[in-house]
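A quick write-up on the structure given underneath.
The values are calculated or read from the model by the stated rules, or taken from the named source; none is laboratory data. These numbers come from a predicted model, not from an experiment. Glycine gets a Cβ as well: all are built from the backbone with ideal geometry, and neighbour counts include every protein chain shown.
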């Protein structure tokens, strides 16, 4: 079995760490010792690199290098080579020589590094070949870094695609895939065969056919490092990682544990039985037979109960006295068993931790649900929210009273830190009274009114008094802050309401169309003159026509002297205020459910930077549009993405990483839900997540500084982000 440390010795060239190893390829010492095929390939590589240098390109791009798949076509043009030197067998042997894999040439003179292309929506692997031959030795780290940078986005797609694919197991003996038999009938055990490294290596070997395999360990290391940085890969032991599925992680751990358990049993038990019989270890043989009969071979049963046998099989196999045998076969079996036990124990431990994390995530989701319930009930009914904690935690399916008590205590502490709460315990009842303190006075006033007709509310009045005392004691600044949220909206609503009502009589508005004083004065003056004239003439015939003439003149003069200069108010803009605001609120609420979901597999899924946020919005934009109005559904997706991004940033906390500790290929800021960030449970879980990540970088000072800054902000500096 390949040593676990082989995959972990080389750091990723992307880290920018001073500890990054410098790896060189040398000039061929004796070119005549290489085959004619090898010499032809070396010459083409030298010419290709020379052209690149003359071109003066500042950026190294792997597509400009000679690639493995182009070698046959290249050699077919070499007239000095015979057909035998152009054959696949000759090319394969030449590549081994250049990679330093033959007995007479053990120093690599060509560096092989894969890169990924997207062709017809499929990921295609190519292997670039690097050998400038311009110096005695060439540092390949710049080439390695640039080639991986070229592929990094497609590596993310590779990991994402893999996370959506289930691990399919055989119905019986799922561990058989880890065993191989040689021509002599000897069985070999490869526990890392199930790892992502082995899967990626298999893909690379397929891409190299018919010329591989060739050394591509650096690429595998870089992909694994990227997977760990983006929380797509989980490490069991160095050299054994697997991709975290997009759904629940728990089943993936169980599947790997079942395969390792069954594989170890199939490999170890036959050998140990034979050794025990030959050396008359009767007691050990009896224990071995007993355990073998207990461990099922059916995959479905193993998935359900397999974890129960890990401690027993590890203990029993650890008792066997391997040190008494020094044959090649016994050493091989011993190493295989020890490696298998190590992986099995790590998987068992990780599974236990994953169960604990799943329980914490479920509890966190429940607390978020209760928080929403408290806020909505307080705002809509202006009454206390009564939570029966024993009933609320039933969904968590906790088995022991201790687990139930811890869950209820966590709920009480988290909600009490955020809202106004009072806990009450009785023999068979555990109740939490809670309210959103922004409406405290309104709740008190409403409850007092309800208490006059309903005696049940009278008992809540002293509870409200105690809650107010608790909030004042801790200096809560949100008491009765509902006004800041509602007054502005109320003003807008009043304005729109006024505009939507049928127009009422307004003297100032009438003045704009008709000068009332001038019109009335003209009418009265002319009417009086007409009346006097009629009386002097002793006839009333002129009064009717005089009144009509007075009215016409009054109207004409009133209209002529109207106040045209007064500016007219524009009611169109205010009318749009509330609909715009409602639309923005709708977009925010819908987008929040997709970007910051209440249910998630890993807390890292709720942490974004600008690029990841934009990418996630692009992935979800069509689903978000389906939840919006018909007008928004028809809107251009690019415009909607910008609107959604703006809306999400309004409800988010942004932690900026100081420039002095920023790292290449690490986020320069963290974008988190402000609602989540307010809760202690979320900040604690996220800090714990970063502590686990820090354990991977203990020897990297730059990475440690970066991660420790985030942890400090989560645990001590959070207040400044909530103001």
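Regarding segment 689-709, can at least one residue be identified that is closer than 20 Å to residue 598 by Cβ and either crowded, with 17+ Cβ neighbours inside 10 Å or at pLDDT 80 or above (or both)? Yes, some residue in segment 689-709 is closer than 20 Å to residue 598 by Cβ and either crowded, with 17+ Cβ neighbours inside 10 Å or at pLDDT 80 or above (or both). Taking segment 582-619 as the search range and keeping residues that are modelled with pLDDT under 85 and in contact with a helix residue (DSSP H, G or I) (Cβ under 7 Å, 6 or more places away or on another chain), which one is surrounded by the fewest Cβ atoms within 10 Å (Cβ to Cβ)? Only one residue fits best here, namely 599.
Of the residues making up segment 241-250, at least one is assigned to a helix (DSSP H, G or I) and under 24 Å from residue 171 (Cα atoms). Against the test of being in contact with a helix residue (DSSP H, G or I) (Cβ under 6 Å, 6 or more places away or on another chain), assigned to a helix (DSSP H, G or I) and assigned by TED's automatic domain parsing to the domain that holds residue 704, the options 671, 641, 655 yield a single qualifying residue, 641.
Being closer than 30 Å to residue 180 by Cα and either within 43 Å of the chain's Cα centre (by Cα) or at pLDDT 90 or above (or both) holds for only one residue in 40, 89, 58, and it is 89.
Got at least one residue in segment 304-323 being outside any helix (DSSP H, G or I), at negative phi, surrounded by fewer than 17 Cβ atoms within 10 Å (Cβ to Cβ) and in contact (Cβ under 8 Å) with a residue 24 or more places away in the chain? Scanning segment 304-323, I find no residue that is outside any helix (DSSP H, G or I), at negative phi, surrounded by fewer than 17 Cβ atoms within 10 Å (Cβ to Cβ) and in contact (Cβ under 8 Å) with a residue 24 or more places away in the chain, so the answer is no. Restricting segment 226-239 to residues that are in contact with a strand residue (DSSP E or B) (Cβ under 9 Å, 6 or more places away or on another chain) and more than 15 Å from residue 160 (Cα to Cα), the residue that is surrounded by the fewest Cβ atoms within 10 Å (Cβ to Cβ) is 235. Within segment 71-99, the set of residues being in contact with a strand residue (DSSP E or B) (Cβ under 9 Å, 6 or more places away or on another chain) and within 21 Å of residue 204 (Cα to Cα) comprises 71, 95, 98, 99.
When segment 193-216 is limited to residues that are part of a loop (DSSP other than H, G, I, E, B) and more than 31 Å from the chain's Cα centre (by Cα), the one that is surrounded by the most Cβ atoms within 10 Å (Cβ to Cβ) turns out to be 214. Counting just the residues of segment 279-293 that are in a helix (DSSP H, G or I) and free of Cβ contacts under 8 Å to residues at least 24 places away in the same chain, which one comes out farthest from residue 324 (Cα to Cα)? Here the answer is 293.
When 190, 219, 242 are checked against the criterion of being under 30 Å from residue 91 (Cβ atoms) and crowded, with 22+ Cβ neighbours inside 10 Å, 219 stands alone in meeting it. Condition check: touching a strand residue (DSSP E or B) at 6+ places or on another chain (Cβ under 6 Å), assigned to a helix (DSSP H, G or I), at pLDDT 90 or above and assigned by TED's automatic domain parsing to the domain that holds residue 391. Does residue 431 satisfy that? No: the conditions fail for residue 431. Taking the criterion of being under 22 Å from residue 228 (Cα atoms) and buried (at least 17 other Cβ atoms within 10 Å of the Cβ), would at least one residue in segment 117-137 satisfy it? Yes, segment 117-137 contains at least one residue that is under 22 Å from residue 228 (Cα atoms) and buried (at least 17 other Cβ atoms within 10 Å of the Cβ).
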